1. Can you pull out the residues in region A:444-467 that are away from chain B (no Cβ under 14 Å) and more than 20 Å from the chain's Cα centre (by Cα)?
2. Going by what's in this entry, would A:GLU146 be described as under 25 Å from the mean Cα position of the chain (by Cα), more than 9 Å from chain B (Cβ to nearest Cβ) and surrounded by fewer than 18 Cβ atoms within 10 Å (Cβ to Cβ)?
3. B:GLY191 passes all but one of (1) touching a Leu at 6+ places or on another chain (Cβ under 7 Å); (2) more than 7 Å from chain A (Cβ to nearest Cβ); which number fails?
4. Would you mind stating whether A:ARG202 is surrounded by fewer than 24 Cβ atoms within 10 Å (Cβ to Cβ), under 24 Å from the mean Cα position of the chain (by Cα) and not acidic (Asp, Glu)?
5. Here are the criteria: (1) within 11 Å of chain B (Cβ to nearest Cβ); (2) over 21 Å from A:MET352 (Cβ atoms). Tell me which single one A:GLY208 does not satisfy.
6. In region B:1-33, which residue that is assigned to a strand (DSSP E or B) and modelled with pLDDT of 50 or more is surrounded by the most Cβ atoms within 10 Å (Cβ to Cβ)?
7. Would you be able to say whether some residue in region A:429-440 is among the aliphatic types (A, V, I, L, M), crowded, with 23+ Cβ neighbours inside 10 Å and touching a Phe, Trp or Tyr at 6+ places or on another chain (Cβ under 7 Å)?
8. Which numbered condition in (1) touching a Phe, Trp or Tyr at 6+ places or on another chain (Cβ under 8 Å); (2) within 18 Å of A:GLY104 (Cα to Cα) is the only one that A:LEU49 fails?
Amino acid sequence: MDNYGNTKNFSLDDDSVVVVVGSGAGGGTLASELAKKGIGVVVLEAGKLNQRASFIPDEWPSFHQLAWLDERTTSGSWRIAHDFPNLPAWICKTVGGTSVHWAGASLRIQPHEFKARTTYGNLPGANLLDWPLTREELDPYYARAEDKMGVTRTNDIPGLPGNNNFKVMYAGATKAGYKKCSTGRMAINSETRDGRSHCYQRGFCFQGCIFGAKWSTLYVEIPEGQATGHMELRPEAHAARIEHDQNGKVTAVLYFDAAGKLQRQKARAVAVAGNSIETPRLLLLSESSKYPAGLANSSDQVGRNYMRHLTASVYGVFQKNVDMYRGTTMAGIIADEEVFDPSRGFVGGFHMETISLGLAFYAAFLNPGAWGKEFAEAMEAYSRTAGMWIVGEDMPQTTNRVTLSQGVKDQFGLAVPNVNFDDHPNDIAMREYSYQRGEAVYMAAGADKTYRVPPYPSTHNLGTCRMSEKPEDGVCNNYGQTHDIPNLFISDGSQFTTGASENPTLTIVTLALRQADYIAQQMKANAI
Amino acid sequence: MKRETNIESAVPLAGLKASRRNLLKGAGMLSGTLALSSTLAALAPGRAWALDMKALSSHQGRVILRFTRYLYPHPSLEDAVYALVVKDLDDKASADADSKNTLAQGVAQLDQIGGEDWLKRSAALQEIDVASMESTNFFKLVRSTAVVSLYSNEMAYAHFGYGGPAGNTGYLYKGFNDLTWLPDPPPTASGPIPPS
């Protein structure tokens, strides 16, 4: 029987363990760090164990191998609800979670972005709040995360070599007057490091890195955690409910195992890291007579303030070949627009990052639902096309929200999550401006034509169990510890108080490192 | 609740068989020949190709293929690639009675518009007919299947210039930065290439 690389197995009745739900950037890192401190950890991962060698270099087949395809529903005025009503997010259900699929961009959130409410002021309709954390407090943990993940352009690690898609971005950016354009800080090895290969520029970052050049919990944190003898990984273990005692402390996690059988793993503490849709869903599914609105939800903020980054893409069509699919997906970053400058007509900033899609996903996402000659013409120009993705800060809104569906159940009979989303006027203004800037970059590089591409199903899902200084404003404190239940933690991007303009994984890992220290200290002090 | 078709089944990469009629009962067949100049000839076992269908008739298959050519018009793209759309729709029709009915009704509607056989109608009118069907379930099923099937196969990858699975070993020493019509970025912006 496959034991998934585990060197230790815990009894279901062992109530000394920390149960971590999810094995992605947040859960996988937290679990491994706790195990390295000698703390017993059980990781419940809904997905299967798909190892590197099994990754598929073809977009749709890979999508069906890795993506989270359990039923979800959508509502609101966002275009996703029309085009992809059952696919609000493009995230993973596999060991390693979305750290298998991510593109590797690793930027620290800027100091002013942690103070969003103070910096941006009162914006009607936006539920802005300062993080209960400063950049200064996080910097030592950011440094640890960068070293652990091997982020290029930190720790004397050279930048990655730029591919064709980057050459186009760089030429356009410099002509358009931008000063901060490079191959960026990436958790992709530019040289062999920590026993992992350098990048071979396959261009299948989204489909999983067979060489292991890109950092992922799948082949870095999880095996390290298992090797300590203090961590057990359980794939195909779908968490269904968190139980608590009469004092309100959590005591166990109920989950469906690979055979669909309900199991109960006892726990001293529980950390939820299911990404920002499943994490609030699990808290809401765990409602009880003591917690009728769901766990950790006395503030009524669980599931609210869902953010997904601005996102938009611009593609430019040129006379000659670009072959954007060759090499790293996110090969370059323009950082000049990351600043706070309300003279642009909006608060918050954005990054422009190269993106490439293979032919199959270019067809699927260029203009969902489109057909006819114009669409066919865009497809004919595929090999002459360069692409960029815009990652901007979108506004938290109380009505952008994950709730439980009233009618739709999943394969286990559990209510599926519904994701409701409307753009804030600030999001719309930023998207329009960023489209123009992206077009300006490609026109400056000599494009004949540009395409504005709407947001894809969200990969950056944030904010649905946010950190707050005051319990009434959010769900957890600055260690991810829920305000209501001291032995229940949030350990993924759900914690983000605001979205900032940086790709979130580095910050998720950083918060997990800090949280691991805190949980260990709290356990030692018998506070939890 | 029924899942939307636009995120459904991935397209198998399997191409079409060389022409050899399998004796399947009660279903149709599509066949054709690759053009002499076709870049796809290298990918196919022979110039002649055939598709045995399980649920659709030969006529239904031909109408759907022609319909798809108007949806995603690529004049130099071979019928063999469009036939992959018919193949996936045939699979859906074979697995699901609703899909089968939707396809049958759509083809019947087109034939009615065309006065018996839509395939005999002029190209100019066929193009208008396709647009006029946009709100029908037939159009939605064919389009949402086609946008996946047509562009997710190795023949399409070759036609449109996408590397596809052949890029699995990486482009580091095989052209990832071979663009020469723009200047190379300076070393401060673009890092060193690891030695092979």
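1. Those that are away from chain B (no Cβ under 14 Å) and more than 20 Å from the chain's Cα centre (by Cα): A:LYS449, A:THR450, A:TYR451, A:ARG452, A:VAL453.
2. no
3. Result: B:GLY191 passes all but (2).
4. It is false that A:ARG202 is surrounded by fewer than 24 Cβ atoms within 10 Å (Cβ to Cβ), under 24 Å from the mean Cα position of the chain (by Cα) and not acidic (Asp, Glu).
5. It fails just one condition, (1).
6. Filtering first and then ranking leaves B:LEU30.
7. yes
8. (2)
The values are calculated or read from the model by the stated rules, or taken from the named source; none is laboratory data. Small disclaimer: the values here were computed from a predicted structure and weren't measured. Note that we place each Cβ from the backbone using ideal geometry, even for glycine, and neighbour counts take in every protein chain shown.
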